[in-house]
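Notes to accompany the following structure.
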């Protein structure tokens with residue numbers, strides 16, 4: 001016979017539930033849920049055109065125990081929620097490339113859920129925009145969740161900064177490449193012999209490991225015996241085009257990957273990848289007033305007991 005504290009009472013148990021949002025929607029929590037784990041990734045920024053920098057990955061925030069958030073941060077605290085309650089979920093879209101090599105693209109859009117917001121990825125800098133504006137800042141990478149890479153023709157290239165706890169900065173340019181876009185776990189590579197986008201962060205919140213929020217690769221100028229465009233960062237970053245001229249590759253949908261930079265003076269950047277929101281409601285056991293002590297022991301040991 002189990003040993004009891006007081007008279008025996010019914011123990012309520014609730015199974016683990018994982019919900020993935022690839023587009024905006026509503027999370028309705030289970031009745032016994034009081035806190036949730038999350039991975040929230042914003043939309044990635046577009047790559048720059050005309051020898052463009054790689055787009056920055058969307059900001060990456062996680063509360064999965066033992067895993068990491070972006071920017072080298074540890075996992076955040078679980079988010080408190082009420083049971084059987086609706087919560088709006090916003091999944092940010094990826095940034096849109098400029099219509100011409102002289103038009104700067106757009107950043108991604110923020111993603112949010114359960115009171116947590118991840119910041120959109122920054123746009124990659126564009127040499128063509130810089131030249132068209134007579135100097136300006138069109139060639140700089142923009143800040144964001146992860147920052148965009150800068151373009152190769154700027155005499156003082158300035159890559160976009162990342163957001164603390166979400167992602168890293170983009171890479172600075174050096175001929176023949178523009179800089180790679182920042183990723184959630186790594187700065188975009190400074191150009192020279194390569195211009196790879198920064199890598200993203202891996203998570204097993206769904207039960208299977210997956211990497212998200214990689215930066216876009218930088219574009220290049222192929223006027224000599226140079227290698228092709230920079231590779232996209234692991235986690236959905238689009239590569240820069242290896243052909244001069246050529247358009248950058250889009251970031252992968254629902255990873256928050258940055259778009260690749262366009263190569264040559266006429267190449268357009270790639271679009272950023274859309275974000276994603278993943279919510280995990282842990283297995284929960286609840287009883288009122290009295291408990292079967294063996295059930296208590298097992299649940300406390302597993303970290304799933306809620307009294």
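Values in this text are rule-based calculations from the coordinates and carry no lab data. Quick caveat: nothing in here was measured; it's all calculated off a predicted structure. With ideal geometry, Cβ positions are generated from the backbone for all residues, glycine too; neighbour counts draw on all protein chains shown.
Going by C-beta contacts inside 10 Å, put 20, 187 in order with the fewest on the left.
On the way: 20 14, 187 25.
Neighbour counts put them in this order, fewest first: 20, 187.
Distance between the modelled labels on residue 77 and residue 16, one decimal in nanometres: 2.4 nm (7 Å Cα→Cβ projection).
The Rg/Rh ratio of region 38-78, with Rg taken over Cα atoms and Rh as the Kirkwood radius over Cα pairs, comes to 1.18.
When 1/r is averaged over all different Cα pairs and the result inverted, which Kirkwood radius in Å belongs to region 17-282? Write down the numbers at each step before the final one.
Details: mean 1/r = 0.0597 Å⁻¹.
Across region 17-282, the inverse of the average 1/r is 16.7 Å.
Counting every other Cβ atom within 10 Å of each residue's Cβ, 142, 102, 199 order from fewest to most as 102, 199, 142.
Label positions at residue 23 and residue 206, each projected 7 Å from the Cα along the C-beta direction, are separated by 1.7 nm.
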